[in-house]
Amino acid sequence: MSEPELKQTIADLIERESLPDTYATTVEQTILPLVAHIEAVRDRADGPVLIGIHGAQGTGKSTLTLFLQTILSQHRGCPTASFSLDDLYLTRAERQELARTVHPLLVTRGVPGTHDVALGLQVIEHLKTAEADDQTSIPAFDKSIDDRVPAEHWPVFTGPAQVILLEGWCVGARAEPDAALDRPINALEADEDPSGEWRRYVNACLQEAYRPLFDRFDSLVMLKAPSMDSVLEWRTLQEHKLANRMKRAPETGSSERSAPPLRIMSDDEVHRFIMHYERVTRSCLAEMPDRADAVIEVAEDHSLGLPRFRSL
């Protein structure tokens, strides 16, 4: 496609995602160089490549992934599939069993140990080896019901993918040394995991079960949040915005007989929720920038900086 067609695609995506017009500059300065990086990774590989996209909550990794997939597929002749680590969450029943047999905190989705890694590897392998007319079902998770979408309703990707994008908050994370787990880092760990059983289980999953997935990355991209405090602030603001939208819903014609309203978390509940992710997030913020193949700084206002690349 031509340059005007690319600009139109970008404009359409910006409008669809309700992004500010200034995001077009972000696409030009940050996303298009990342597209070129991914193309270079693909060109030097013998076959399809797997790209990991890491970013703490609120860093914009889903939006980034959408733009990358669309530009690569529609404007670079590079069939690209994408899915989130969130799509691989264990079912609610499976997490309830983990909570019963391992630790109660494992009922909450998110931390390593609450994903079906084998399913992710299966999907990736199928995307890489598919024939032209083969269809690959991509898992999906419905957070409104806290459970996996039935397989018959999963989205489908047709044919082989040259690029596979896997995004998620703990994508590419590494296990900590055992000694680092001895001391709780927040009230959740101190009050609800005083013996360290939960955090040691999560760490062991990173060390073992998640390695076959993360070790397959041909390139790792990191969206780097300014701090853990920013992550908490962003997630709290997100909850406030959701609450405001719900308050305005009756004024815009919302029906009382529609789907049950989402439950809004209080600020204290958001704080507790984020504490589940704090240890791994802090560890990634400290050590991942030195090994990621591309690092993009995310500012307090959510704007993306210029990518820094390691040499291929």
Go through the stretch 15-53 and give me each residue that's buried (at least 19 other Cβ atoms within 10 Å of the Cβ) and without any contact (Cβ under 8 Å) to a residue 12 or more places away in the chain. 23
I'd like to check something: does the stretch 71-86 contain any residue that is touching a Lys or Arg at 6+ places or on another chain (Cβ under 9 Å) and closer than 30 Å to residue 273 by Cα? yes
For the stretch 155-174 the number of residues that are open to solvent by 10 Å² or more (accessible area, probe 1.4 Å) and more than 18 Å from the chain's Cα centre (by Cα) is 5
Filter the stretch 14-46 down to the residues that are of a type in the set (Lys, Arg) and in contact with a strand residue (DSSP E or B) (Cβ under 8 Å, 6 or more places away or on another chain) and list them by number. 42
Within the stretch 102-152, how many residues are closer than 28 Å to residue 190 by Cα and either open to solvent by 50 Å² or more (accessible area, probe 1.4 Å) or part of a helix (DSSP H, G or I) (or both)? 6
Among the residues of the stretch 76-101, which ones are of a type outside the set (Ser, Thr, Tyr) and either part of a strand (DSSP E or B) or buried (at least 17 other Cβ atoms within 10 Å of the Cβ) (or both)? 76, 78, 79, 81, 83, 85, 86, 87, 88, 90, 95, 98
Complete set of residues in the stretch 1-31 that are of a type in the set (Gly, Ala, Ser) and modelled with pLDDT under 95: 2, 18
Does the stretch 187-196 hold any residues that are surrounded by fewer than 17 Cβ atoms within 10 Å (Cβ to Cβ) and either touching a strand residue (DSSP E or B) at 6+ places or on another chain (Cβ under 6 Å) or more than 21 Å from residue 89 (Cβ to Cβ) (or both), and which are they? 187, 190, 191, 194, 195, 196
Can we say residue 72 is open to solvent by less than 30 Å² (accessible area, probe 1.4 Å), closer than 26 Å to residue 280 by Cβ and in contact (Cβ under 8 Å) with a residue 12 or more places away in the chain? no
Could you give me the residue pairs with C-beta distances under 7 Å whose first residue belongs to the stretch 294-311 and is outside any strand (DSSP E or B), whose second residue is open to solvent by 80 Å² or more (accessible area, probe 1.4 Å) wherever it lies, and which are 6+ apart or on separate chains? 306/29
Within the stretch 202-235, how many residues turn out to be in a helix (DSSP H, G or I), in contact with a Gly (Cβ under 6 Å, 6 or more places away or on another chain) and either open to solvent by 50 Å² or more (accessible area, probe 1.4 Å) or aromatic (Phe, Trp, Tyr) (or both)? 2
Which pairs do you get when a residue that is over 16 Å from residue 205 (Cα atoms), found in the stretch 98-127, comes within reach of a residue that is in a helix (DSSP H, G or I) and open to solvent by 40 Å² or more (accessible area, probe 1.4 Å), reach meaning Cβ atoms under 9 angstrom, with the pair 6+ apart or on two chains? 100/107; 104/192
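The values are calculated or read from the model by the stated rules, or taken from the named source; none is laboratory data. This one's a predicted model, so the numbers in the text were calculated from it and none came from an experiment. As a convention, Cβ positions derive from the backbone with ideal geometry for all residues, glycine included, and neighbour counts pool all protein chains shown. All accessible areas refer to the heavy atoms of the entire protein, side chains included, with ligands and DNA or RNA removed. Shrake-Rupley method; radii C 1.70, N 1.55, O 1.52, S 1.80 Å.
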